[in-house]
1. Per residue, how much accessible area does region 58-174 have with a 1.4 Å probe, in Å²?
2. Which shape class applies to region 64-150: rounded if a/c is under 1.5, otherwise prolate when a/b exceeds b/c and oblate if not, where a ≥ b ≥ c are the square roots of the Cα gyration tensor eigenvalues?
3. Please identify the trypsin sites (Lys or Arg not before Pro) of region 58-130 that satisfy two criteria: DSSP loop assignment and at most 15 other Cβ atoms within 10 Å. Which are they?
4. Please state the shape class of region 119-174: rounded when a/c is under 1.5, otherwise prolate if a/b exceeds b/c and oblate if not, all from the C-alpha gyration tensor.
5. So if R0 is 22 Å, what FRET efficiency would Ala161 and Glu53 give, r being the distance between their Cβ atoms, rounded to the nearest 0.05?
6. In region 55-146, what percent of the accessible surface is made up of carbon and sulfur (1.4 Å probe, ligands and nucleic acids excluded)?
7. Based on alpha-carbon centroids, what's the gap between region 115-174 and region 44-112 in Å, whole number please?
Amino acid sequence: EFYRVYLRHFDATTSIDDGYVDDAALIAYAAAIKHQFGLICDLAGVMHAHAAELTRLDTAIGDGDHGRNMALGFQSVREEVLAAPPTTPAILFRSAGMTLVATVGGASGPLYSAAFIAAGIAARANDTLTLTDLARMIQAASDAVARRGRCRLGDKTILDALDPAARALAAAAA
């Protein structure tokens, strides 16, 4: 679901040069920032909408708090982004990661945090993102989850969703 939400808001807009900024570039930059906010708001909504289902699944194998924790964590990310709007995708993703590690308990907080921070680092200082940038970001997120979670494909973790998404984006960007 995360990737469908992200791709719905992904837009390779024109970046602003170091020199003269015309109205079209300024409008494109504003649109890119709007999409970033939309992404976070949608993620918070998706987590909230699926909190009960995630909790039900977690109850069968864990302590039954995953849905609530994820919903609260992404709501905190939403609030943080609205309170201190990021100026680049890199800042957005790194900020989301820092907020998630501080607000989501258990193993999920550090895993999602590592993924978002790695994606933010991979985004570099670009004002806008291309499909190639997005592919690099999702691959970085996948690698971070594998490292932080000490997991492999087939372990029934988030890596089983991230890795195929990263490979599909890399193929689409090629």
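1. Using a 1.4 Å probe on heavy atoms only, each residue of region 58-174 averages 48 Å².
2. oblate
3. Arg124
4. oblate
5. 0.90
6. Of all accessible area on region 55-146, carbon and sulfur atoms account for 60 percent.
7. 17
The values are calculated or read from the model by the stated rules, or taken from the named source; none is laboratory data. Predicted, not measured: the structure shown is a model, and the values here were computed from it. Using ideal geometry, Cβ is built from the backbone for each residue, glycine included, and neighbour counts are taken over all protein chains shown. Side chains are part of the model used for accessible areas, which takes the heavy atoms of the whole protein and leaves out ligands, DNA and RNA. Shrake-Rupley method; radii C 1.70, N 1.55, O 1.52, S 1.80 Å.
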